[in-house]
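J.: Dumping the structure here so I can ask a few things about it.
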Amino acid sequence: MIESMPLLLFLVLFVLMLFGFPVAFTLGGVSVLMGVMTFGFDFFNLLPLRVWGVMTNYVLIAVPLFVYMGVMLEKSGLAEELLETMALLFGRLRGGLAISIVVVGAMLGASTGIVGATVVTMGLLSLPTMMRRGYAPTVATGTVAASGTLGQIIPPSIVLVLLGSILNVSIGDMFMGAVLPGFILVGLYLVWLIALALMRPDLAPAMPAEDLAEFRAEGMVKRVLQAFVLPFVLILAVLGSIFAGVASPTEAAAVGALGATLLTIGQSKFSLDTLRAVMSETTHLTCMVFFILVGATSFGLVFRGMQGDAYLTQLILDAEMGPNAFLALVMVIIFIAGFFIDFIEITFIIVPVVAPIFETLGVNLLWIGILIAMNLQTSFLTPPFGFSLFYLKGVAPEGVETGHIYRGIVPFIIIQLIGLGLVIAFPEMATWFPEWLATP
């Protein structure tokens with residue numbers, strides 16, 4: 001009976017979440033009740049210390065700062081300006097509008113790191129334009145949904161901060177490890193769109209010559225500088241300071257938050273209403289993350305107190321499951337879980353359970369963290385429950401049907417799986433850059 005208690009804890013949590021109970025309160029509430037039932041009221045002597053240890057974690061200060069940076073760039077209209085300018089810059093190419101959306105998705109991913117906000121922003125701004133320019137609905141929706149999820153893997157990503165904290169891996173190493181896999185995905189997206197535009201120009205046409213001529217006549221260089229170069233310099237300052245060892249991720253996040261504010265002021269788009277909206281959304285998202293984190297801390301304490309980690313490790317060893325087989329099992333579980341619950345819940349529920357087992361099996365936890373981030377990104381796109389598809393459908397213009405979104409995302413899911421397979425087959429893709437920078 002004692003051995004089955006960890007499994008009972010998992011089962012109760014899963015059932016309650018399926019019934020729609022809030023994850024943060026379910027995770028904490030069930031864990032506290034099971035802790036009291038198992039260990040008595042002495043459980044409350046341990047819990048506050050664990051929660052205090054998490055809440056005073058200096059690294060996690062980066063979460064609200066990166067969220068603020070991303071929301072400020074979104075609310076100020078800089079994201080909209082970036083998207084419009086890049087579309088005109090690539091407009092003379094067949095499929096140029098789709099190419100620009102992938103590039104902007106990567107840049108917004110490097111600035112916001114919030115999938116829902118990026119997909120909704122790009123869906124509202126670019127999807128109607130693509131439809132007007134004669135793009136096939138499947139191509140338009142697939143491109144927007146896939147590009148909007150790049151923030152899961154391209155640093156500075158919130159999920160990488162949380163994964164690094166849980167796996168006890170340096171956040172800087174997580175960021176550096178994600179650079180190559182992230183840009184390989186962007187490259188594969190671009191190759192697919194260019195090939196599609198060449199083979200089927202009717203599905204992804206070039207922009208009209210008169211629009212491009214008007215763009216050049218209105219001061220193209222100045223507009224590109226304002227919309228593209230300045231946000232790029234901000235992102236470069238944030239990531240460059242981390243990679244160069246000048247600043248910790250938390251300090252770099254503060255640079256990013258201040259830089260986004262100054263950029264908004266410099267563009268004459270700063271106002272008290274904008275600041276109020278940014279601070280409100282940042283507070284909301286940060287509170288959600290930390291409520292779940294407190295619940296996850298309670299869950300981890302109870303699960304380990306029940307010897308759940310030792311029980312699962314023994315099960316794996318008794319089954320003579322090697323590192324590769326266990327990795328495949330975990331990837332499938334996370335992929336399926338991504339249909340139903342948010343990446344934050346997956347990060348705090350599943351990862352703390354499997355991390356000690358990977359460590360026992362001698363697997364590189366940095367590599368595991370990058371694989372989990374890429375896997376979560378893939379599950380965001382997969383029909384019928386992919387969160388990004390729901391976000392996009394909610395803002396899609398009239399005439400775009402759910403079937404268009406589902407069919408349009410299939411090529412990008414295949415690309416995601418190819419990218420994930422490459423990183424599994426060649427772990428150096430995730431570990432080479434951090435090791436190279438660490439070499440004296």
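Bear in mind that the values in this text are calculations on the coordinates, not laboratory data. Keep in mind that what you see is a predicted model, and the values were worked out from it rather than measured. Cβ: placed from backbone, ideal geometry, glycine included. Neighbour counts: every protein chain shown.
J.: Give a residue-ordered list of calculated ³J(HN,Hα) values for segment 44-58 (Karplus: 6.51 cos²θ - 1.76 cosθ + 1.60, θ = phi - 60°; whole Hz; x for Gly, Pro).
T.: 6, 6, 9, 4, x, 5, 5, 5, 4, x, 6, 5, 9, 6, 4
J.: Taking square-rooted eigenvalues a ≥ b ≥ c of the alpha carbon gyration tensor, is segment 5-438 rounded, prolate or oblate, where a/c under 1.5 means rounded and, failing that, a/b exceeding b/c means prolate?
T.: prolate
J.: What is the fewest-to-most order of 199, 122 by other Cβ atoms lying within 10 Å of their Cβ? Display every interim value, and only then the final one.
T.: Numbers: 199 9, 122 25.
By the 10 Å Cβ count, ascending, the order reads 199, 122.
J.: Between residue 286 and residue 11, what's the calculated FRET efficiency when r is the beta-carbon distance and R0 is 30 Å? Round to 0.05.
T.: On the way: r = 31 Å, r/R0 = 1.02.
Taking R0 as 30 Å, the efficiency between residue 286 and residue 11 is 0.45.
J.: To the nearest 20 debye, what charge dipole does segment 5-438 have about its Cα centre, counting +1 at the Cβ of each Lys and Arg and -1 at the Cβ of each Asp and Glu? Before the final figure, lay out each step's value.
T.: Numbers: 15 positive and 24 negative charges, 122 e Å.
That gives a dipole near 580 debye.
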